[in-house]
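The values are calculated or read from the model by the stated rules, or taken from the named source; none is laboratory data. Bear in mind the structure is a predicted one, so any value in this text is a computation, not a measurement. Here the Cβ is made from the backbone with ideal geometry for all residues, glycine too, and neighbour counts use every protein chain on show. Just the protein is used for accessible areas: all its heavy atoms, side chains included, with ligands, DNA and RNA removed. Shrake-Rupley method; radii C 1.70, N 1.55, O 1.52, S 1.80 Å.
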Amino acid sequence: MTRKKWTRVALALAVLLAIGGAWAGFNAPLLRAKYAGQKLAAASTDEERAQWADKLVTYGTPGFERLIGFVKSGDEPGRAAAVAALDRHLTALPDGDTRAVTIGGAVLDAYPTANETGKHAVLSLVPTVLNRTGGTHADRCRAIVIDGLKMPGLEARLLAVRLAIHPDIKLRAEIVPLLAAKEPELRGASLFAVAAVSDSDQVLGDEELFKWLHDPDPGVRKVCHDTLVGRDRSDVEISLGKRLTHTDPRERLKLLLDLRYDDVADPEPWLERLSRDPEPAVRAGATRVMVEVAAIRRQPRPAWVARVADGDHHPTVRLVAGYYRRLPVTAPADVIPAGGP
């Protein structure tokens with residue numbers, strides 16, 4: 001090879017080396033992130049995984065892309081390390097740092113294409129994203145929480161229930177279907193989230209809450225009881241409410257007798273509810289007791305007595321209610337007229 005050719009070859013090699021060096025320098029973060037990602041995937045201890053996950057954070061966008069890849073579809077140890085590193089980094093950013101919005105948005109972008117476990121992992125980062133981005137991504141977080149409430153995994157649904165009452169999410173109404181979940185811990189968490197958090201939008205009234213006093217799980221029953229106490233319901237009212245919603249109609253008929261003869265301060269609201277009971281005998285009995293109580297206390301009969309007499313779908317209930325409605329208002333309450341129903 002001539003001297004001239006050697007010179008050309010040397011120049012070409014120099015150019016290639018220069019280009020390669022420039023490319024390597026420009027893409028150093030990408031190469032380092034790739035290497036750190038490989039080390040994270042191969043790490044055998046939690047400490048090693050945490051170190052390499054934190055290292056990825058220092059490589060900017062390529063590093064975050066690798067971490068989010070672990071969140072989406074990595075193995076469980078790598079995913080846990082990636083989630084923890086992202087959480088630490090977002091939490092450590094100064095208030096108002098725009099990087100939190102960018103990183104948080106990238107985390108949320110991963111949700112649609114993540115596997116089931118990855119979606120749970122993204123859901124677990126939602127509180128940090130919300131807290132560090134000032135509600136910028138609230139709508140997207142809300143959509144993820146709605147989906148989380150329907151996930152098959154118990155832990156994911158429990159997490160979604162807790163997030164649903166976040167001030168930027170406000171999805172308490174969407175929790176209501178989970179009150180019928182088969183898992184008692186999910187029913188209890190859902191009941192607390194729906195009923196125990198006070199604000200202007202009451203999702204469940206007290207009457208609806210009374211039903212969970214009969215839940216088969218003692219923990220759920222305690223949540224219900226404590227919630228009612230928090231709503232300033234007395235022990236007497238809670239006891240009446242439990243009997244009001246008893247699944248055995250015979251127990252609800254016994255409640256009518258107690259409302260008639262016991263010293264209940266104001267039996268009318270309880271009797272009105274019993275006038276809408278699914279059992280015809282209970283509805284008829286509620287009307288009779290209300291008329292008798294009104295006579296004893298020399299009070300006017302409430303309008304719902306006429307409603308039952310005129311509009312109940314059962315003919316016998318209308319007959320009984322109509323009979324007691326026609327009695328004189330001043331009739332002695334302890335005297336049952338001859339020939340009465």
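Could you state the angle between the C-alpha long axis of helix 235-244 and the longest principal axis of the C-alpha atoms of the chain, as a value from 0 to 90 degrees rounded to the nearest 10?
Tilt relative to the chain: about 80 degrees.
For the range 173-235, report the % of Cα-Cα distances exceeding 16 Å. Walk me through the numbers on the way to the answer.
Values: 698 of 1953 pairs.
Roughly 36 percent, rounded to a whole number.
May I ask you to order 106-114, 52-60, 39-47 by the average number of other C-beta atoms within 10 Å around their residues, highest value first?
52-60, 106-114, 39-47
How do the peptides 84-90, 144-150, 176-182 rank, highest first, by the average count of neighbouring beta carbon atoms within 10 Å per residue?
84-90, 144-150, 176-182
Got a number for the accessible area of Ile296? Probe 1.4 Å, square angstrom, nearest 10.
Approximately 90 Å² for this residue.
Report the accessible area of Glu251, computed with a 1.4 Å probe over the heavy atoms of all protein chains in place, in Å² rounded to the nearest 10.
Counting only protein heavy atoms, the figure is 60 Å².
In Å², what does the accessible area per residue of the range 226-336 work out to with a 1.4 Å probe? Before the final figure, lay out the partial values.
Details: 6040 Å² over 111 residues.
That works out to 54 Å² for each residue.
Return the carbon/sulfur percentage of the accessible area of the chain, one whole number, probe 1.4 Å, all protein chains in place.
58 percent
Based on alpha-carbon positions alone, could you give the equivalent ellipsoid semi-axes of the range 99-214 from the gyration tensor, as √(5λ), descending, whole Å?
That gives 27, 16, 9 Å for the three semi-axes.
How far apart, in nanometres, would the label points at Ser44 and Thr102 be if each is projected 7 angstrom from Cα along the Cα-to-Cβ direction?
If labels sit at Ser44 and Thr102, their model points lie 3.8 nm apart.
May I ask you to compute the full-extension gain from Asp263 to Glu207, defined as 0.36 nm times their residue separation minus their alpha-carbon distance, rounded to one decimal in nm?
Between Asp263 and Glu207, full extension yields 18.0 nm more.
Tell me which of Val291, Leu171, Pro112 sits at the most positive position along the dipole axis of the chain, charges placed on C-beta atoms (Lys, Arg +1; Asp, Glu -1).
Most positive-ward Cα: Pro112.
Which value, in debye to the nearest 20, describes the size of the charge dipole of the chain about its Cα centre when Lys and Arg Cβ atoms bear +1, Asp and Glu Cβ atoms bear -1, and nothing else is charged?
1680 debye
Within 13 Å, Cβ to Cβ, of Glu65, how many net charges do the neighbouring residues add up to if Lys/Arg are +1 and Asp/Glu are -1?
Around Glu65, the charge tally is +3.
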